[in-house]
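What follows is calculated from the coordinates using simple rules that are stated; it is not laboratory data. Source: prediction; values computed, not measured. Virtual Cβ from ideal backbone geometry, glycine too; neighbours counted across all protein chains shown.
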2 protein chains.
Amino acid sequence: MSQTTPRLLRALAGETLERPPIWFMRQAGRSLPEYLELRTRAKDFISFCHDPEMAAEATLQPMRRFPMDAAIVFADILLIPGALGQEVWFEAGEGPRLGPLPDIARMADEVEASTGRLSAIGETLQRVRAELEPERALIGFAGGPWTVATYMIEGRGSHREISRTYAYEHPEALDALLDVLVDATASYLVMQARSGAQALKIFESWAEGLAEDVFERIVIRPHRAIVEKVRAAGVTAPFIGFPRGAGALVEAYAAAVPVQGVGLDTQASAAMGQRLQANGKTIQGALDNLLLRAGGKALDARVETLLAQWNGGPYIFNLGHGVMPDTPIAHIAQVVARVTGQPVKVMETA
Amino acid sequence: MSQTTPRLLRALAGETLERPPIWFMRQAGRSLPEYLELRTRAKDFISFCHDPEMAAEATLQPMRRFPMDAAIVFADILLIPGALGQEVWFEAGEGPRLGPLPDIARMADEVEASTGRLSAIGETLQRVRAELEPERALIGFAGGPWTVATYMIEGRGSHREISRTYAYEHPEALDALLDVLVDATASYLVMQARSGAQALKIFESWAEGLAEDVFERIVIRPHRAIVEKVRAAGVTAPFIGFPRGAGALVEAYAAAVPVQGVGLDTQASAAMGQRLQANGKTIQGALDNLLLRAGGKALDARVETLLAQWNGGPYIFNLGHGVMPDTPIAHIAQVVARVTGQPVKVMETA
């Protein structure tokens, strides 16, 4: 690959770089004062995500502050249920709420139309790509089908006990719902790639606590189907799969899903990451977001450890989970400066 | 070992048995109507645990219903904070509540006395051992120091965000607290072994979400210290360590902590369990407690899978988490019958 290829894409192509690319999950959003200001201009969070001007601005805000190697489109994993006809809204301070689960067969008929209803996210990507320097990559994303299904079934964030029980008691209904989500997600990601997304990430935020056979059925199989459908549409952008909380099952995931990158969460072991690299995967992660918030010398020490243990192979520096809203900007700057070798100016206000 | 040695102890000594021993975490307690009846006789849960007659009865109740190969003493992981001088109580329907964290140095002076304050648990063990058939083993237990510390620091069950941040911001205070808990726990387990416990289990219920270096410091190191202290007191009973949610870090745990058995949670992979067996550990787990509650053919199929994947080495059949309170007794009977090959009569009331 050419030296002007974005560092993130070089890493995802399997290159080991002198220093890894860096970006942070939730680098845009509530940890930035300029985001909080911007957010007051939209009537609600879903409207904000569907406004290309505001969403593009939110996507770019962290790129102005920090020399991040990638931007990730500002959007939400629950836009797909909305586009499939389930009501979705956010209760202030409490998180998402969803109306009753629509008839699954009826949603299946909405798959094609659903991507059209998400065209604003394509426009956000186009706007960001037009402004972003060519050496910085743009990432598109969607939620993993199982994670999205847990919200659709339970109507809110939860301990997933109801959805996990649903997986045992209504396996055919769950499979049908996952099939709808696979189709809608693949179509949505194809649209994102055609709108400027250079890498595609699947956030399976609730992969934890699943038995191996269930994990194979409701995480691995749908992820593989998404990647295959996106490839069948002619899209070649690399994938990052992030089965958060999957523990030792991450290796089965990596072996079975044709993703280029595997996101590792906070508790990933050094040895497991190295095995994934040896097996041809680029790994991404896994700094503790609570340590980023806490800061100090322990933060510097942990950054050095992560670089030492994983930068001998293809590696993308990131957190194991998203930036916490009350994370000091100086701590983000501290890590980015250390990883990139570039000093980062800290402005507490934009 | 002799054929009259309890099956659980043969497995923990490394024997591969024609069928594994079986017991269930939380086999005693709220899933049994006779427990719910018994529980009404005590004024509160802590008093119940400190009453040897009632606690012995609760321990034995599931042994009368099911041909379980082991009983586990009815007690709670929060008895130790109580014995060290922190107030502990249970809010009905909400779980444990703890008063302010006492001065750590003062608690250190209470370690020896704390075991004396837990003598009722020793008496419970003696009563159970006297009644239990010799071929059925009796297990003693304590909470893992980190898990107990999270309750002591946060005052209740939680997402552990406060304690995990405490681990970064106050490492010396946390280490001092863990040291007190290691000493109190080792002394308590020695007392349990001398009172009739034939195997000792450490429940590290909140091992999830920890970075590898933190896990090494606050889980592995304290567990190793407990085992070493118990051995130094001359106790030879085998240990089962259960770092629940530790994911891929379970292997580092197993390599570093001299336990004979390793408890695996619901998401353990077949391959990881087999590697642990190949490395000389007996494994225990990992049926999904939600599948036990859901029942049906999927439950039978999963039991067969677990037996097929793990009974080629030393294995103890168990859940990945405790029995849910609303689990039908018939489902427990179904699994126990399948694993033991003995028909189990289902009585919905005792």
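Classify segment A:240-286 as rounded, prolate or oblate from the Cα gyration tensor: take a ≥ b ≥ c as the square roots of its eigenvalues, call it rounded if a/c is under 1.5, otherwise prolate when a/b beats b/c and oblate if not.
rounded
Please state the charge dipole magnitude for chain B, taken about the Cα centre, from unit charges on C-beta atoms (+1 on K and R, -1 on D and E), reported in debye and rounded to the nearest 20.
Taking the Cα centre of chain B as origin, the dipole is about 1020 debye.
For the pair B:D175/B:K297, report the inter-label distance in nm, with labels modelled 7 Å from Cα in the Cβ direction.
So the two model labels end up 5.8 nm from each other.
Give the separation of the Cα centroids, segment B:5-61 to segment A:101-119, in Å.
50 Å
Check which residues have an amide H placed less than 5 Å from A:I72's amide H, if you skip close sequence neighbours.
A:I139
Order of A:S114, A:S119 from fewest to most other C-beta atoms within 10 Å?
Result, fewest neighbours first: A:S119, A:S114.
Please report, for A:G312, the nm distances (one decimal) from its label point, 7 Å out from Cα along the beta-carbon direction, to the equivalent points in the remaining copies, shortest first.
3.0
Only helical DSSP H runs with n ≥ 4 go in: add -39500 (n - 2.57) per run for chain A, normalise by residue count and round the 222 nm mean residue ellipticity to 500 deg cm²/dmol.
So the calculated ellipticity at 222 nm is -13500 deg cm²/dmol.
Going by amide H atoms built from the backbone, whose H comes under 5 Å of the H on A:K201, apart from near neighbours?
Residues meeting the amide H criterion: A:G140, A:F141, A:A142, A:I240.
Add +1 for every Lys or Arg and -1 for every Asp or Glu among the other residues with Cβ under 13 Å from the Cβ of A:F74, and state the total.
Result for the local shell: -2.
Sort B:E251, A:E154, A:E87 by Cβ crowding within 10 Å, fewest neighbours at the top.
Going from least to most buried by this count: A:E87, A:E154, B:E251.
If you plug each phi of segment A:60-68 into the Karplus form 6.51 cos²θ - 1.76 cosθ + 1.60 with θ = phi - 60°, what whole-Hz ³J(HN,Hα) values come out, in order, with x for Gly and Pro?
7, 3, x, 5, 7, 7, 10, x, 5
Under a plain spin-label model, where a point goes 7 Å from the Cα along Cα-to-Cβ, how far apart in nm are B:Q342 and B:A42?
2.7 nm
Between copies, how close do the A:R275 label points come, placed 7 Å along Cα→Cβ, listed in nm from shortest?
Reported distances to equivalent positions: 0.2 nm.
Is the shape of segment A:1-107 rounded, prolate or oblate, going by the alpha carbon gyration tensor and its root eigenvalues a ≥ b ≥ c, with a/c under 1.5 for rounded and a/b larger than b/c for prolate?
oblate
Would you mind classifying segment A:130-282 by shape? Square roots of the alpha carbon gyration tensor eigenvalues, ordered a ≥ b ≥ c; an a/c under 1.5 is rounded, otherwise it is prolate if a/b is larger than b/c and oblate if not.
Note, shape of segment A:130-282 comes out oblate.
How many percent of DSSP beta bridges within the protein assembly as shown run antiparallel, rounded to 5?
The answer is about 15 percent antiparallel.
What's the extension gain from B:R97 to B:E304 if we count 0.36 nm per residue and subtract their Cα-Cα distance?
Gain on stretching B:R97 to B:E304: 70.5 nm.
Apply the Kirkwood formula to segment B:7-340: the hydrodynamic radius equals the inverse of the mean of 1/r over all pairs of different alpha-carbon atoms; give it in Å with one decimal.
After inverting the pairwise mean of 1/r, the radius is 19.9 Å.
Antiparallel as a % of all DSSP beta bridges within segment B:7-340, to the nearest 5?
Close to 15 percent.
Find, among the residues of chain A, the one whose Cβ sits nearest the axis of the rotation taking A to B; state the distance in whole Å.
A:G247, 1
How do A:W146, A:W23 line up, fewest other C-beta atoms within 10 Å first?
Result, fewest neighbours first: A:W23, A:W146.
I want to check the label-to-label distance for B:L17 and A:E133. Put each point 7 Å from Cα in the C-beta direction and report it in nm to one decimal.
Once both label points are built, they end up 6.5 nm from each other.
Just to confirm the numbers: A:A130, label point 7 angstrom along the Cα-Cβ line, distances to the other copies in nm, shortest first?
Sorted ascending, the copy-to-copy spacings read 8.6 nm.
Remind me, relative contact order of chain B in percent, using alpha carbon pairs under 8 angstrom and six or more residues apart?
The value is 22 percent.
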